[in-house]
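Following: one structure in structure tokens, then a few remarks.
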Amino acid sequence: MLNNNYKIDEIEKENPYIVTVEDYYKSSLNDYDSFDKYSWNKGKGYSCPNFPIFDEKMEGLEDGLYLFAAESNMGKSAFMSNLLWDYCTNPDNNLFGVYFALDDTKQEMIPRLISMLELIPISIASKPSRYKEKIDLCEEGSSIYQEMLDKREHGLNTLKELNTRFKLEDSEKLDCGEKILDYCKKLKEYLKGYDPKTNLIIGIDSLFDLNFPSQKFKTDKEKNEYIAQEIKRWAKTEIKAPIFGTIHLRKIDKRRADISDVKESGRYIYDASVVFLLHNDVSRNGQNASIYYTQSNCDEFLPIIELQWAKNKKSSFKGITYYHLISNYSKVIECTEEEMKRFNNLRFSSK
């Protein structure tokens, strides 16, 4: 006669959806104890010292999917790269940052990083020989050009010195999501070999440029739904890291975008831990903008990035923070509390 265990095994083979009986009271206690241990082990989260208000509102960055959504030319790539750089170069975090530039090459991104670090025009960083020639010809402004070339060299040396904190990759080397995942796993293992406490922080610009040749998609919507779920899985289980990603919003006339304006798939919003909507009123409205800043040596309105915390499952804040964008330097600087209050009043009074 067959014993009961054998019968149960056979039934479970026939029906894979049967779950095992457990001590339900005890398993609940185990869950609470496991949570308590996990939350204490997380510590206080990662911090970004050059974005103190953002840091305060985030209440400690942790593993998860963080989306930066905007229309074209709003400054989302600049914002994400500035923020990721601040997290990974903060020694208190013990983070290594890797930035995947999928719609640019390394040769295009490195000048922006140098420009961001040294506050020099991107063209100085990308075409130094042009300005060296001006200096050799003793053209007007040669002393300024030389100073900027010196800063360029300093910025490049800074990138080299921080090779243990940051790495830039592009699609020429890693042309699909499968390779990027494998790369990140191997990179994490490599880092742990040097210091078991080092963790990854990842930036992907943009998620819409990811391809997964191992998958077959009938529509762009289907593809983007897969990407959203897959990158969330990377952040949660496969890599266990904060993952920043840029996504595009539909072009909107007159009004500011909301999360329903995400192109291709609302799954991005569903799967993200945090969704930031970026708006740049100067990019949208030029000299008719209502949110901007000025400088004494410039007659034009200069851009402010409005960062709306549209979805936030990581902290209690849901509101808007503001940042100066110096476009020709790829630099983002956080506004003061006083400036943020003023911009908030302007933003909501102009509706």
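Every number here is computed from the coordinates shown, using simple stated rules; none is lab data. This one's a predicted model, so the numbers in the text were calculated from it and none came from an experiment. Cβ coordinates were reconstructed from backbone atoms using ideal geometry, including for glycine residues, and neighbour counts include every protein chain displayed.
Note down the magnitude of the dipole of region 10-86 about its Cα centre, charges +1 on Lys and Arg C-beta and -1 on Asp and Glu C-beta and zero elsewhere, to the nearest 20 debye.
My answer is approximately 400 debye.
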_Considering only C-alpha atoms, what is the centroid distance from region 190-218 to region 99-139, in Å?_
27
*Please state the relative contact order of the chain as a whole percent: Cα pairs under 8 Å, 6+ residues apart?*
23
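Arrange 332, 21, 274 by Cβ neighbour counts within 10 Å, fewest through most, would you? Don't skip to the answer; put the middle values down first.
Values: 332 24, 21 7, 274 21.
With the fewest neighbours first, 332, 21, 274 line up as 21, 274, 332.
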*Quick one: pull the percentage of alpha-carbon pairs in region 205-261 with a separation above 17 Å.*
49
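What does the charge dipole of the chain about its Cα centre add up to, to the nearest 20 debye, if the Cβ of each Lys and Arg holds +1 and the Cβ of each Asp and Glu holds -1? It would help to have the intermediate numbers written out before the result.
Working: 51 positive and 57 negative charges, 96 e Å.
So the dipole magnitude of the chain works out to roughly 460 debye.
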*Using a Gaussian network model of the chain with C-alpha springs under 10 Å, which one of 144, 202, 269 is most mobile by mean-square fluctuation?*
144
*Considering only 29, 187, 322, whose Cα is most displaced toward the positive end of the charge dipole of the chain, charges sitting on Cβ of Lys, Arg (+1) and Asp, Glu (-1)?*
29
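How many percent of DSSP beta bridges within the chain run antiparallel, rounded to 5? Could the numbers behind the result be given before it?
On the way: 21 of 47 bridges.
Bridges in the chain are about 45 percent antiparallel.
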*Pick out, from 77, 280, 109, the residue whose Cα sits farthest towards the positive end of the charge dipole of the chain, with +1 on the Cβ of Lys and Arg and -1 on the Cβ of Asp and Glu.*
280
*Among 196, 252, 123, which residue has its Cα positioned farthest towards the positive end of the charge dipole of region 105-261, with +1 placed on the Cβ of Lys and Arg, -1 on the Cβ of Asp and Glu, and the dipole taken about the Cα centre?*
196
*So how do 233, 130, 267, 255 line up by other beta-carbon neighbours within 10 Å, fewest first?*
255, 130, 233, 267
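How long is the gain from residue 40 to residue 251 if the chain were fully straight, where each residue apart is worth 0.36 nm and the alpha carbon distance is subtracted?
Details: separation 211, 0.36 × 211 = 75.96 nm, distance 4.35 nm.
Answer, rounded to one decimal: 71.6 nm.
In debye, nearest 20: dipole of region 199-274 around its Cα centre with unit charges on the Cβ of K, R (+) and D, E (-)?
On the way: 15 positive and 12 negative charges, 35 e Å.
Charge dipole, region 199-274, about its Cα centre: 160 debye, nearest 20.
Counting other beta carbons within 10 Å of each residue's own, what order do 77, 142 fall into, fewest first? Numbers along the way, then the final one.
Values: 77 22, 142 15.
Least crowded to most crowded, the residues run 142, 77.
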*asked:* Under 5 Å between amide hydrogens, which residues at least 5 positions from residue 201 or on another chain qualify, with H placed 1.01 Å from N in the peptide plane?
replied: 96, 97, 98
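From the Cα gyration tensor of region 68-133, with a ≥ b ≥ c the square roots of its eigenvalues, which class applies: rounded if a/c is under 1.5, or else prolate if a/b is larger than b/c, or else oblate? Could the numbers behind the result be given before it?
Values: a/c = 2.13, a/b = 1.40, b/c = 1.53.
Cα axes put region 68-133 in the oblate bin.
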_Would region 200-351 count as rounded, prolate or oblate if I go by the C-alpha gyration tensor, calling it rounded below 1.5 in a/c and otherwise prolate when a/b exceeds b/c, oblate otherwise?_
prolate
*What is the Rg over Rh value, at two decimals, for the chain, using alpha-carbon atoms and the Kirkwood definition of Rh?*
1.05
*Given labels modelled 7 Å from the Cα in the Cβ direction, how far is it in nm from residue 119 to residue 263?*
3.4
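Rounded if a/c is under 1.5, else prolate if a/b is larger than b/c, else oblate: which is region 130-195, with a ≥ b ≥ c the root eigenvalues of its Cα gyration tensor? Write down the numbers at each step before the final one.
Numbers: a/c = 6.87, a/b = 2.46, b/c = 2.79.
Since a/c reaches 1.5 but b/c is at least a/b, the shape of region 130-195 is classed as oblate.
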*Convex hull per residue volume in Å³, alpha carbons only, for region 39-102*: 108
*Binning every alpha carbon pair distance of region 171-212 at 10 Å from zero, what are the percents per bin?*
26, 48, 23, 3
*asked:* Of the candidates 118, 62, 338, which one comes out as most mobile in a Gaussian network treatment of the chain with C-alpha springs shorter than 10 Å?
replied: 338
